[in-house]
1. Give the number of residues within segment A:128-143 that are open to solvent by 30 Å² or more (accessible area, probe 1.4 Å), within 24 Å of A:Arg99 (Cα to Cα) and of a type outside the set (A, V, I, L, M).
2. Does A:Lys224 qualify as being within 14 Å of chain B (Cβ to nearest Cβ) and either open to solvent by 30 Å² or more (accessible area, probe 1.4 Å) or among the aromatic types (Phe, Trp, Tyr) (or both)?
3. Has segment A:78-87 got any residue that is under 28 Å from A:Leu128 (Cα atoms), part of a loop (DSSP other than H, G, I, E, B), touching a His at 6+ places or on another chain (Cβ under 8 Å) and in the same structural domain as A:Pro281 (by TED's automatic domain parsing)?
4. What pairs come out if I take residues in segment A:296-307 that are surrounded by 10 or more Cβ atoms within 10 Å (Cβ to Cβ) and pair them with residues that are of a type in the set (D, E, K, R) whose C-beta lies under 9 Å away, six or more apart or interchain?
5. Are any residues in segment B:76-97 modelled with pLDDT under 80 and crowded, with 16+ Cβ neighbours inside 10 Å, and if so, which ones?
6. Would you point out which residue out of A:Val302, A:Val295 is within 30 Å of A:Gln66 (Cβ to Cβ), more than 9 Å from chain B (Cβ to nearest Cβ), assigned to a loop (DSSP other than H, G, I, E, B) and hydrophobic (A, V, I, L, M, F, W, C)?
7. May I ask you to list pairs of residues, at least six apart or on different chains, whose Cβ atoms are under 6 Å apart, with the first in segment B:54-65 being at the interface with another protein chain (Cβ under 7 Å from one of its Cβ atoms) and farther than 18 Å from B:Gly86 by Cβ and the second being crowded, with 16+ Cβ neighbours inside 10 Å and of a type in the set (Asp, Glu)?
8. Could you please let me know if A:Ser80 is away from chain B (no Cβ under 14 Å), of a type in the set (S, T, N, Q) and buried (at least 17 other Cβ atoms within 10 Å of the Cβ)?
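The values are calculated or read from the model by the stated rules, or taken from the named source; none is laboratory data. Just so it is clear, the model here is predicted, and its values are computed rather than measured. Neighbour counts run over all protein chains shown; Cβ positions are idealised from the backbone, glycine included. Each accessible area value is taken on the protein alone, full model and side chains, heavy atoms only, with ligands, DNA and RNA left out. Shrake-Rupley method; radii C 1.70, N 1.55, O 1.52, S 1.80 Å.
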Amino acid sequence: MQFAGLVVVGIIMLVFLGVQGLKLQFFFGVIIPYLALVVFCLGLIGRVVKWGRSPVPFSIPTVHGQQKSLPWIKASAIDSPVTTAGVVARLALEVLFFRSLFKNVKAELGEGRRLTFTWEKWLWLAGLLFHWSFLVVIFRHLRFFTEPVPAVVHSLGSLDGFFQVGLQAFFITDLIILATVLYLLLRRVCIPQMRYISLPADYFPLFVIFGIALSGISMRYFFKVDIAAVKKLAMGLVTFKPVLPEGIGVIFYIHLFLVCVLFAYFPFSKLMHMAGIFMAPTRNLANDSRARRHVNPWNYPVKVHTYADYEAEFGRKMEEAGLPVENSQAKVS
Amino acid sequence: MAMYNGRSIVTGLVLFFALLTFPFWYGLGAAPAPEPDLNTPAIQKLVEKKCVENREFMRANHMELLKEWRNAVVRTGNRVYIAGDGKKYEMSLQNTCLDCHANIPPKQVKTTSNQLSQVQFCNSCHSYVGVKPDCWTCHIQPKEGR
């Protein structure tokens, strides 16, 4: 945790020195974002292709329902999908609502050494809110990358900014993402078992996302920057005519660099669960092992020599030696 | 070595990257960034072309200033703003801000047909960055500004 935290603090200081001290605005504002995007795209494709090349030897869907078998046994169409539509429905529910996490329970040794399982929904709730808020936040940022801004971005923004502080819309997702990231972080720090199994790779994305959210929120509500200039920079990037407007505060470059770090780090980290969830054989296979044979794709084409072939080859010699044969070739010939 | 379920994987990747690169292909015909128009009669008459505070501050923090002004005027009745350089200004959106930042200052607008777009100055940036100013929920928005 200390290591991951120090790395993020180091990153922030690096940008601060680079922008404030060395005036490397072009490097941090143009080169790094392009570089991060290229690393993200190539890395993601590489990782997905690598996964795609791995064969799935067994039919291993994890199911939570009755498999389709005899007509009078009620089958569970979504929890134990047998058709592609069922698989799609189950995967969609998983991706959109984290259904498997909803089944999360906490196991404890209670009184009298009895193992008890308790309802534990906080992780599901925080995880779901975190992911949805992040999506909304990313989607809201389209107002910096599109011209004219699509109406749907506006409507989502006004829905999100339903509450108002002072003259400004207060985005509820800003608060939610900060609170949920903090929850996910504290969960790892405060629960001894979680802390024991947590690695720098678990803390680092949380710290980076926390840094992104915090810098973005401070930029929006406290240390304001010239937002029109920020959009000019963003539009320059997406139209491949990079411009570097004057007078954007250093906090913007910190925010941007942390986003770039997250993008570049993404393909090489646990964050790849974004693509991995779709490629998990326990999720994307239909539970149709009774109806269809799953052939291991890496099965080597074994050269077989059946007894019939064997006898065709050696039958005559066997007969000459007085061995019993199934089809006497002496009779045929 | 080929991919298993290659077609689904490639379709998924193509869809994802089509979405990811949306700003790039959407931005192909994007209009250039607007420059707020400072060429109004009132500004031209100014000797020192300076807003209430300096340009950088105004660009980033004008909404903070407006909030401060609103609170001072509405809650304490104080209408005098002392700027960083010691100059005094009347805290008023229509009589101070729009006096300069409109082609025809609000005071001189007599008829509706005469009304020019007073909020063009605000809107040039506000619609560019997709932020709806909250001024016109209390102040009456000039007709052609809509």
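1. Matching residues across segment A:128-143 total 4.
2. Values: within 14 Å of chain B (Cβ to nearest Cβ): yes; either open to solvent by 30 Å² or more (accessible area, probe 1.4 Å) or among the aromatic types (Phe, Trp, Tyr) (or both): no.
Criteria not met by A:Lys224.
3. Of segment A:78-87, the ones under 28 Å from A:Leu128 (Cα atoms) are A:78-87.
Filter once more, keeping what is part of a loop (DSSP other than H, G, I, E, B): A:78-83.
Narrowing further to those that are touching a His at 6+ places or on another chain (Cβ under 8 Å): A:79-80.
From what's left, in the same structural domain as A:Pro281 (by TED's automatic domain parsing): A:79-80.
Yes, because at least one residue in segment A:78-87 is under 28 Å from A:Leu128 (Cα atoms), part of a loop (DSSP other than H, G, I, E, B), touching a His at 6+ places or on another chain (Cβ under 8 Å) and in the same structural domain as A:Pro281 (by TED's automatic domain parsing).
4. Going by the 9 Å Cβ cut-off, there are no qualifying pairs.
5. If the condition is that a residue be modelled with pLDDT under 80 and crowded, with 16+ Cβ neighbours inside 10 Å, then B:Gln94 is the only one that fits.
6. Working: A:Val302 fails: within 30 Å of A:Gln66 (Cβ to Cβ).
Within the list A:Val302, A:Val295, the selection yields A:Val295.
7. B:Arg59/A:Asp226; B:Ala60/A:Asp226
8. Values: away from chain B (no Cβ under 14 Å): yes; of a type in the set (S, T, N, Q): yes; buried (at least 17 other Cβ atoms within 10 Å of the Cβ): yes.
Yes, satisfied.
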